Amino acid sequence: MGLEHQTKGESVDVFEAVRKRRSIRKFADRPIEGEQLTKILDAARWAPTAGNQQRWRFIVVTSPTLKEMVRKISPGIFSRPAAFVVICSLREEELSHWDESLLLADCAIAAQNMLLAAYALGLGSCIALSFSKIALKEILDIPEHAEPEFIITLGYANEQPQPPPRLPLEEIVFAERYGEGWEP
Amino acid sequence: MSQRMVLSEDAAFELLVFLITSARGCVDEPKLYGTFRLVDGASKLIGFVLENHPQRSEGFLRDLKEEIDERKLSLMTDREGYIEFLSDITRKVGQELKRRG
């Protein structure tokens with residue numbers, strides 16, 4: 001169940017990717033290529049970071065044995081994707097609340113780049129937070145100063161979820177001051 | 001009705017890992033996620049049991065698992081529908097309990 005644009009070999013408009021990307025939770029039993037993974041990771045690498053500090057690291061997990069372990073300690077992952085990418089933040093010193101927010105934002109932006117890149121390549125993906133950080137650090141030998149923030153699941157989709165409802169722009173966008181009606 | 005149903009050690013261990021990692025996750029996750037882990041765990045338990053007893057035509061358990069797997073993700077998009085799903089399966093296990101006497 002590939003995505004339509006991918007089977008046609010077409011490139012994807014960024015607005016299309018933003019609107020049509022869905023969180024995929026059922027994956028086909030089909031591997032993805034190293035070149036696809038490289039493109040997705042490169043998209044993460046080009047994400048903006050606070051002060052260009054690039055305090056993230058990415059662990060690609062494709063070994064069947066390790067993937068099974070990661071799945072088992074991740075109650076929020078319901079299927080068997082072709083690959084996991086664990087996004088870790090680097091915390092080499094005591095962090096202020098400000099730093100904590102920046103680090104999380106940096107990881108989240110990198111994650112979104114990966115999800116959009118995956119869509120452009122015809123792959124399904126999902127961002128997962130429901131996993132055991134403690135167990136994951138043991139399984140993947142993640143050092144003390146790195147904190148796993150998100151797991152990205154990647155693979156060929158085996159479902160086509162309908163888009164969930166979104167609030168209308170009029171409800172979430174204000175003009176000039178909070179609460180004042182906005183019109184395009 | 002009271003036949004012995006067994007889990008393999010691997011399946012039991014996978015369920016144990018799920019329960020313990022879920023327990024820790026529940027400390028930080030939204031409250032409703034805890035309910036999700038419980039019904040998802042129930043589905044896993046049924047799945048493991050039926051894996052070892054493919055010859056059994058245990059309609060209730062099979063149907064319950066199917067219903068859980070089909071409706072559990074409504075948590076993500078339809079909170080009211082999800083709670084209704086929890087009520088529905090609770091009602092069904094109550095009825096089954098009564099039927100089994």
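Mean-square fluctuations from a GNM of chain B, with a 10 angstrom spring cutoff on Cα atoms, peak among B:L64, B:L16, B:L50 at B:L16. In loop segments of the stretch A:97-184 as defined by DSSP, the GluC sites (Glu not before Pro) with at most 16 further C-beta atoms inside 10 Å of their C-beta are A:E144, A:E159, A:E176, A:E180. Summing Lys and Arg as +1 and Asp and Glu as -1 over all other residues whose Cβ lies under 14 Å from the Cβ of B:I89 gives a net charge of -3. Put in order of Cβ neighbour count within 10 Å, fewest first, the listed residues A:H145, A:H97 become A:H97, A:H145. Given 10 °C and 1.306 mPa s, how large is the Stokes-Einstein diffusion coefficient of chain B in µm²/s, with Rh as the Kirkwood radius over Cα pairs? Calculated translational D: 108 µm²/s. Taking amide H atoms as placed 1.01 Å from N in the peptide plane, the amide H of A:A83 lies under 5 Å from those of A:L154, each 5 or more residues away in sequence or on another chain. Note on A:A108 and A:E183: the extension gain reaches 24.1 nm, defined as 0.36 nm multiplied by sequence separation minus the Cα-Cα distance. Within the straight-line cut-off of under 24 Å between alpha carbons, the lysines reachable from B:K92 are B:K31, B:K44, B:K65, B:K72, sequence neighbours fewer than 8 places apart in one chain being disregarded. Dividing the convex hull volume of the alpha carbon atoms of chain A by its residue count gives 151 Å³ per residue. Around A:A146, which amide H atoms from residues at least 5 apart in sequence, or from another chain, sit under 5 Å from its own amide H, with H modelled in the peptide plane? Excluding prolines and chain starts, which carry no amide H, the hits are A:R91. Counting Cβ atoms of other protein chains within 10 Å of each residue's Cβ and taking the mean over peptide A:66-79 gives 4. Each label was represented as a point 7 Å from its Cα along the Cα-to-Cβ direction; for A:K20 and A:E176 these points are 3.9 nm apart.
Going from the fewest other Cβ atoms within 10 Å to the most, the residues A:S23, A:S130 appear in the order A:S23, A:S130.
Hey, if you put +1 on the Cβ of every Lys and Arg and -1 on every Asp and Glu Cβ in the protein assembly as shown, which of A:I77, A:C88, B:A42 ends up farthest toward the positive end of that dipole? Working it through, the farthest residue towards the positive pole turns out to be B:A42.
What FRET efficiency comes out for the pair A:S96/B:H53, r = Cβ-Cβ distance, R0 = 41 Å, nearest 0.05? Present the calculation step by step, with values, prior to reporting the outcome.
Numbers: r = 56 Å, r/R0 = 1.36.
The calculated FRET efficiency here is 0.15.
With the cut-off at under 20 Å, measuring from each backbone N in the stretch A:140-157 to a point 7 Å along the Cα-to-Cβ line of A:D42 picks out A:154-155. The residues packed around A:K39, meaning those with a beta-carbon under 15 Å from its beta-carbon, carry a net charge of -2 if Lys and Arg are +1 and Asp and Glu are -1. When chain A is treated as a Gaussian network with alpha carbon springs shorter than 10 Å, the biggest mean-square fluctuation among A:V14, A:V60, A:V173 belongs to A:V173. The GluC sites (Glu not before Pro) found in the stretch A:31-77 that occupy coil by DSSP, while having at most 12 further C-beta atoms within 10 Å, are A:E33. Exposed loop sites are taken as trypsin sites (Lys or Arg not before Pro) in a DSSP loop (any state but H, G, I, E or B) with at most 15 other beta carbon atoms within 10 Å; the longest stretch of chain B without one runs B:5-55. Here is what passes the span test in chain A: the DSSP H helices with alpha carbon length of 20 Å or more along the helix axis and a Kyte-Doolittle mean of 0.5 or above are A:97-120.
Every number here is computed from the coordinates shown, using simple stated rules; none is lab data. Because the structure is a prediction, the values reported are computed rather than measured. Virtual Cβ from ideal backbone geometry, glycine too; neighbours counted across all protein chains shown.
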